[in-house]
Structure formats: structure tokens, C-alpha cells
Amino acid sequence: MIRVRQAFAAVFVLAAALTAVGPARAEEDGPRTLVAAFQNGLLGVMKEAKALGVKGRSERLTPMIDKTFNLQVMIATVTAPYWRAASDEQRGKLLAAFRRMSIASAATLFDDYEGEQFKVIGERKGSGPTVLVDTQIEQTRGDPVDITYVTAKIRDRWWIIDIVVDSGISELTTRQSDYQKLLREGGVSRLTVGLEEKATNLLAGKEKARTETAQH
């Protein structure tokens, strides 16, 4: 987690100057409102999951993820220092592949509804410029699942930039560990190919997203 937090600090400085394709703009929302809106939208997709199918879920989730998650900051964080050394074209392709994989992961992970309810507990100050929004998924069977969204204000609006499930390892820490092998093999280009392949396999039903990265 420490390495990810240190990387955030560098990426926040870099973010304003990045010229690669960025996430869609949206109206101003506070951290709690942003998270609640995303969870409500996700719950709606889950309730229609079977009827929508993986393609329909992917289409419904795309604008929600674009509006809520700063995927550019996330991929720049987990691939530093490779991101900083990449060209604008390489960054754009990597961001597009990461976006496609992230949407495909959510579309395959949230494929059913069994009475779950989302509850926002509150928000608190995080490390550096971040605000943490604590939430729970209340299940009809089993204990509630604690989920903390890490948010930050970037370019005059709030974004989700990480997720921590059950007070454990963060999404970005997991992704960073997963991506290092591919980055060492062939840098940003190799990771881009790997993410595209994973997205294709997820959408084709050949692979299932891991449950430990529960919201994204």
C-alpha cells in the first residue's frame, strides 16, 4: 500500500499535464454523493443482470465507470515509472485497454442479484489529498462486506481512484502486482496487449473476474 500511496503523489502532479485520452467529464459531486450514485447504478445493473447478459451489462456500466473512476490516474499509478517513460500514443492505447478490461471485469463479476443492498457509512480523511468513503454490501446470506472507496479531487471534481475490500489489499496494489510481470517482459506495449486479451476473454465467457476486487 505504501508504494501505491507514494505513486499517487507523483501522479497527481502529472495528471494536469497528461495529454493521453482522459476520462469523461461530469458534473461536480462530493465523494459520498459520487460513491452512492455509482453503487445505486451498479445495483440497478445487478437486478437486471440475467436479462442484460454480459454485453448489455458492459454497455450499461460503461458510462457509469467513465463518470466515476479516474482510470487515467489509476493506470498511471500502477504502471509507474513505465507510464512516465511512454509516449502519448502508448499511454492512450494502454488507457483504452485498461478501460476496456475494467468494464469487462465489472460486467462479468456482477452477473446476478440475490437481494444485496448498498449502504454508505460515511467519509473520512485519507492519506494525502484523498477522502475515504466507507460503505457496506448487506447480503441476504453471510456477513456484510466492507468496501472503502478512495477518492480524490482532480481537475475540479471528485473521482474514485482506488478500492479497498474488507480493510484488506487495495485494488491498485493488486493490479500493480499483477501487471509488473508483463511490464518487465515488454513494457507498456506488452501490458496493453495483455489487458486487451483479458478483456476479450472476459466478454467471451472464457474467464471470470476475481472476486477480491469487488467493485471494479
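Values in this text are rule-based calculations from the coordinates and carry no lab data. The model shown is predicted, which means the values in this text are computed figures rather than measured ones. Virtual Cβ from ideal backbone geometry, glycine too; neighbours counted across all protein chains shown.
Each peptide in 108-114, 73-79 was scored by the mean count of other Cβ atoms within 10 Å over its residues; highest first, the order is 73-79, 108-114. When the C-alpha to C-alpha distance is required to be over 29 Å, the pairs from Lys119/Lys181; Lys125/Lys206; Lys67/Lys208; Lys93/Lys153 that qualify are Lys119/Lys181; Lys125/Lys206. Using the Cβ-Cβ distance between Lys55 and Glu114 with R0 set to 22 Å, the FRET efficiency works out to roughly 0.50. Dipole size of the stretch 73-148 about its Cα centre, with +1 on Lys/Arg Cβ and -1 on Asp/Glu Cβ: approximately 540 debye, rounded to the nearest 20.
Rounded to the nearest whole Hz, the Karplus-based 3J(HN,Hα) values (6.51 cos²θ - 1.76 cosθ + 1.60, θ = phi - 60°) of the stretch 125-136 follow the sequence 5, x, 6, x, x, 8, 10, 9, 10, 8, 9, 9, with x at glycine and proline.
Under 18 Å of direct C-alpha separation, and excluding same-chain neighbours fewer than eight residues apart, Lys198 reaches these aspartates and glutamates: Glu59, Asp111, Glu171, Asp178, Glu185, Glu207, Glu212. Karplus-derived 3J(HN,Hα) values for the stretch 166-172, using 6.51 cos²θ - 1.76 cosθ + 1.60 with θ = phi - 60°, are 6, 6, x, 7, 6, 4, 5 Hz; glycine and proline are entered as x.
Once you have a ≥ b ≥ c as the square roots of the Cα gyration tensor eigenvalues for the stretch 34-169, tell me rounded if a/c is under 1.5, and otherwise prolate or oblate according to whether a/b is larger than b/c. Oblate, since a/c reaches 1.5 and b/c is not below a/b.
Per the Debye formula with a single identical scatterer at each Cα and no solvent contribution, what log10 I(q)/I(0) holds for the stretch 102-216 at q = 0.18, 0.19, 0.22 Å⁻¹? The computed values of log10 I(q)/I(0) come out as -1.08, -1.15, -1.28. Where in the stretch 32-53 does the label zone of Val145 land, with the point 7 angstrom along Cα→C-beta and an amide N cut-off under 14 Å? What the label zone holds, given the 14 Å backbone N cut-off, is 39, 42-43, 46-47.
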